[in-house]
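Chemist: This is the structure I have questions about; it appears just below.
Where a number appears in this text, it was derived from the coordinates with a stated rule and is not lab data. Please read all numbers here as calculations on a predicted model, not as lab measurements. Positions of Cβ are generated from backbone atoms using ideal geometry, with glycine treated the same way; all protein chains shown enter the neighbour counts.
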């Protein structure tokens with residue numbers, strides 16, 4: 001699907017969201033959308049992609065790596081070093 005502007009049905013298929021979920025999200029203004037004539041709802045494909053990728057969940061290894069860096073930085077700040 002290479003269209004820039006998606007209809008409501010196309011956006012539902014593109015995102016994998018049910019039509020009722022997508023409609024709730026538009027009525028609650030949780031997802032960016034357009035209503036140029038006041039009735040039909042349209043979506044910008046790039047905005048949908050940004051919305052879908054908004055909250056990334058880190059992998060366990062990323063969390064562990066950050067924790068190790070945090071501990072190492074705190075040890076350096078406090079004048080402690082590994083021996």
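Chemist: Per DSSP H run of n ≥ 4, the term is -39500 (n - 2.57); total these for the chain, divide by its residue number, and report the mean residue ellipticity at 222 nm rounded to 500 deg cm²/dmol.
Modeler: Taken over the chain, the calculation gives -15500 deg cm²/dmol.
Chemist: Against the 2.2 N^0.38 Å scaling, with N counting residues, where does the range 5-77 land? I'd like the Cα-based Rg ratio to two decimal places.
Modeler: 1.71
Chemist: Continuing with this model, one more query. With everything on Cα atoms, drop me the angle between helix 60-77 and the longest principal axis of the chain, reported from 0 to 90° to the nearest 10.
Modeler: Relative to the chain, helix 60-77 is tipped by roughly 40 degrees.
Chemist: Here's something else I'd like to know. Using a 10 Å cut-off around each Cβ, can you sort 22, 17 from fewest to most neighbouring Cβ atoms?
Modeler: 17, 22
Chemist: For the pair residue 76 and residue 58, how long in nm is the line joining their label points, each one 7 Å along Cα→Cβ?
Modeler: Spacing of the two 7 Å Cα→Cβ label points: 1.7 nm.
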